[in-house]
Amino acid sequence: MGPSEEVTVHPTLTLCGIKCAAGARAGFQAESEEELSVAPGEEVTVHAEVEGWLQVTRARDGVRGLVPASYVGGAGG
């Protein structure tokens, strides 16, 4: 995917090139090592979609993991 391409991964979220800032719509509690707990409204950077999950980095501490796509919305979404 080139830097000018956009890929829609969720109705309210579009990946722009490599990553985009987004926020958690609802809190999510991780249940495995691959998942990432986030609080409602927490800022995350979205890197990719993996089978209905988004690979994100949590802004406050730089930890990376998976969050269900339905828990994350784009800016203003």
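Structure above, values below:
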{"item": "Gained length - T57 relative to E43, 0.36 nm times residue gap less alpha-carbon distance", "result": "4.2 nm"}
{"item": "Around W53: net Lys/Arg minus Asp/Glu count, Cβ-Cβ under 13 Å", "result": "-4"}
{"item": "Chain lengthening between S32 and R64 when straightened (0.36 nm per residue, less Cα-Cα)", "result": "10.2 nm"}
{"item": "Local net charge near P68, Cβ-Cβ under 13 Å (Lys/Arg +1, Asp/Glu -1)", "result": "-4"}
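Any read-out appearing in this document is the output of simple, stated calculations on the displayed coordinates, not a laboratory observation. These numbers were taken from a predicted model, which means no experiment stands behind them. Neighbour counts run over all protein chains shown; Cβ positions are idealised from the backbone, glycine included.
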